[in-house]
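Everything on this sheet refers to the single structure shown next.
The values are calculated or read from the model by the stated rules, or taken from the named source; none is laboratory data. On a predicted model such as this, the values are computed, not experimentally measured, just so you know. Reconstructed Cβ throughout: ideal geometry from the backbone, glycine too, with neighbour counts over all protein chains shown.
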Amino acid sequence: MVSRFLRAGLFVAFVGGMSGVFAADGMRALQGAWISVDDSKSMVAIEADVWIDYYENQEVSRTTFALFTACADNGGLADSSSSYIQTEDGLCYSIDSITPEGMELTDMDRGNKLIFKALP
């Protein structure tokens with residue numbers, strides 16, 4: 001999957017949202033189960049480079065992802081002030097904040113905030 005992004009002129013990096021933390025640390029920070037604060041029936045599990053969406057405890061989608069400094073849709077222009085999750089199926093999320101307690105993303109296509117609380 002990463003090679004497809006590299007061919008698009010993007011590069012794997014994780015800077016900005018976590019003050020220049022390397023990609024490996026960013027991936028570690030994302031790992032685990034996260035529940036939406038807006039819809040308690042919606043959950044995402046992140047296992048290695050796999051993003052799994054659940055609704056009412058049923059898996060509804062699964063895709064691989066990577067971390068970048070740009071979304072493929074913006075022509076690969078790097079934005080060193082932001083970090084992005086780009087999924088294999090074309091979705092892109094800006095990582096606005098991430099802590100052990102929660103994660104806040106922006107859906108770059110729709111512009112809406114996705115706020116998650118970490119599950120134990």
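Some observations on this one:
- Qualifying residue in the stretch 7-28 (condition: over 18 Å from Thr106 (Cβ atoms), modelled with pLDDT under 60 and part of a helix (DSSP H, G or I)): yes
- Filtered residues of the stretch 29-50 (kept if touching a residue at least 24 places away in the same chain (Cβ under 8 Å), over 16 Å from Leu91 (Cβ atoms) and not in a loop (DSSP other than H, G, I, E, B)): Ala29, Gly32, Ala33, Ile35, Met43
Here's the yes/no breakdown for (1) loosely packed, with under 13 Cβ neighbours inside 10 Å; (2) at pLDDT 90 or above; (3) touching a Cys at 6+ places or on another chain (Cβ under 6 Å):
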{"residue": "Leu30", "(1), (2), (3)": "no, yes, no"}
{"residue": "Val44", "(1), (2), (3)": "no, yes, no"}
{"residue": "Glu56", "(1), (2), (3)": "yes, yes, no"}
{"residue": "Ile85", "(1), (2), (3)": "no, yes, no"}
{"residue": "Cys92", "(1), (2), (3)": "no, yes, yes"}
{"residue": "Phe116", "(1), (2), (3)": "no, yes, no"}
